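Report on one structure; see the data block that follows.
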Amino acid sequence: MITSVNDFRELVAQVGEIDEIMIDVEKAEGIYVWDTSGKRYMDMLSGICVGNIGHRNPKVIDAVKEQLDKYMHVMVYGEFVQSPQYKYMKRLKELLPESLSQIFYVNSGSEAIEGAMKAAKLFTGRSEILSCRGAYHGSTTGAVALLSQEEFTRKFRPLMPDCNKIEYNNFEDLERITERTACLIVEPIAIGQGVRLPENGWLQAVRKKCDEMGVVLIFDEIQTGFGRTGKLFAFEHFEDVYPDILCIAKGMGGGMPIGAFVGRNDIMQSLNNHHPLIGHASTFGGHPIGCVAALATLNCIIDDKLMEGVEEKGNRFRQELSHPLIKQVRGKGLFNCIDFDERLDWQEVLKACFAEGLITGTHLFNTHSLSLKPALIITDEQIEESIVRFKKAFDRF
Ligand SMILES: Cc1ncc(COP(=O)(O)O)c(C=O)c1O
């Protein structure tokens, strides 16, 4: 190891808890990550849904290099015309429902959620924010108010007021969407506790209720976006379901940091009508390098038809990855989780996976469920190899 975990811990505040899985990264390519000792790992997390098209995808690298030779950051809050920003939205718009017609670029998923909540408040003139119990929408103080677990929020109080929760998949709870509500934030396929699919008709009922009450429906597709579930966005799996604002980040940039919220023109314009800077502003939002990386990523997903094999690949994991200590593998497309025996120590499970050359993690609010989200470019042979490795990891117990 070039850098010891302890040296690293001393200087860097955001660090993991388990020394054994804190690999010292040397390089990454496709679905693989190598550490400085030369050990190769299969990345089953894709940097938590960032590397949907694989690490260091050549199309992203080429686009970034080309833009680097032109310009990087030039101006802050949209004062200049920057063609990378325009070209990305022009392409994305072709792939979205017509109503999602305007984009606001930001730096991260949390910032997309923040911007979307502000737009909804300005547009409706209302204050209540609804979200689903057990969901995670980011770490900024606004997004923390969307958490439902008292143990995570207590010490940050007072939180942003008027944030209330409904139960994902609960039809009765939709009565809590009222004329007081500015917006409802939902993940079409929920992830906090391991992958959860919506009940038949639930998302349609959500859409209908939001329409009746004039509530802005915000979809958080920060993890589920960009082909992960087999469609460009997860909401496309469900008929007559679409958001008023779509929050995206992670896989958007193909490894470069960029996020955005995309919404109805009238809702998005309420940010500008309030004040061009105080509505929402982001110095690095829409950074030209991020935008060209995002365009290359989007084109790669579409042109290389990366979504075509996703459901089948996911099925292989769901059907072939079995072990007496694995309760089930569940999910949609390549957005899956491995629920394992609760008697196992989850930290030991993670160590065993890393020892077998597999990068994985547990879910934020469910430590007995492993995340299984490899790049969409994973081949059949690589799937087979990873299944063997997972079985070997569980054989260690
Ligand atoms: C569903 C979801 N929403 C929002 C976020 C926040 O994104 P970021 O970490 O880019 O701020 C995350 C991050 O993991 C997420 O999984």
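Brief remarks follow.
- Total formal charge among the other residues, if their Cβ is under 11 angstrom from that of R318, Lys/Arg +1 and Asp/Glu -1: +1
- Highest mean packing first, where packing is the average number of other Cβ atoms within 10 Å per residue, the peptides 245-258, 352-365 line up as 245-258, 352-365.
- In nm, spacing of pseudo-spin labels at N169 and V81 (7 Å Cα→C-beta vector): 5.0 nm
- Fewest neighbouring Cβ atoms within 10 Å first, the residues R154, R330 line up as R154, R330.
- Where N is the number of residues in the range 217-376, Cα Rg divided by 2.2 N^0.38 Å: 1.23
- Extension gain for Q149 to M72 (0.36 nm times residue separation, less C-alpha to C-alpha distance): 23.7 nm.
- The antiparallel fraction among DSSP beta bridges confined to the chain stands at about 60%.
- Calculated FRET value between A13 and I326, using beta carbons and R₀ = 41 Å, to 0.05: 0.75
- Kyte-Doolittle mean at least 1.0 and Cα axial length at least 18 Å: DSSP H helices in the chain: 288-303
- C-alpha center-to-center spacing [the range 22-61, the range 62-103] in angstrom: 26 Å
- Straight-line cross-link reach from K313 at under 18 Å between alpha-carbon atoms covers these aspartates and glutamates, not counting any fewer than eight positions away in the same chain: D43, D304, D380, E381, E384, E385.
- Ranked by how many other beta carbons lie within 10 Å on average, peptides 10-22, 88-100 from highest: 88-100, 10-22
- With contacts taken as Cα pairs under 8 Å and at least 6 residues apart, the range 59-303 reaches a relative contact order of 31 percent.
- Residue order, fewest to most surrounding Cβ atoms within 10 angstrom, among T3, T181, T124: T3, T124, T181
- When each of K59/K305; K70/K90; K59/K118 is checked by Cα-Cα distance, pairs over 23 Å: K59/K118
- Under 11 Å, Cβ to Cβ, from G194 - net charge with Lys/Arg +1 and Asp/Glu -1: +2
- For L146, the shell of other residues with beta-carbons less than 13 Å away shows a net charge of -3, using +1 for Lys and Arg and -1 for Asp and Glu.
- Counting other Cβ atoms within 10 Å as a rough exposure proxy, the listed residues I387, I289 run I387, I289 from fewest neighbours to most.
- Exceeding the 28 Å Cα-Cα cut-off - candidates K165/K391; K209/K231; K65/K93: K165/K391
- Cα-Cα pairs of the range 59-303 separated by more than 30 Å (percent): 23 percent
No lab work stands behind these numbers, since they all come straight from the coordinates. Small disclaimer: the values here were computed from a predicted structure and weren't measured. When we count neighbours, we look across all protein chains shown, and the Cβ atoms used for this are built from the backbone with ideal geometry, even at glycine.
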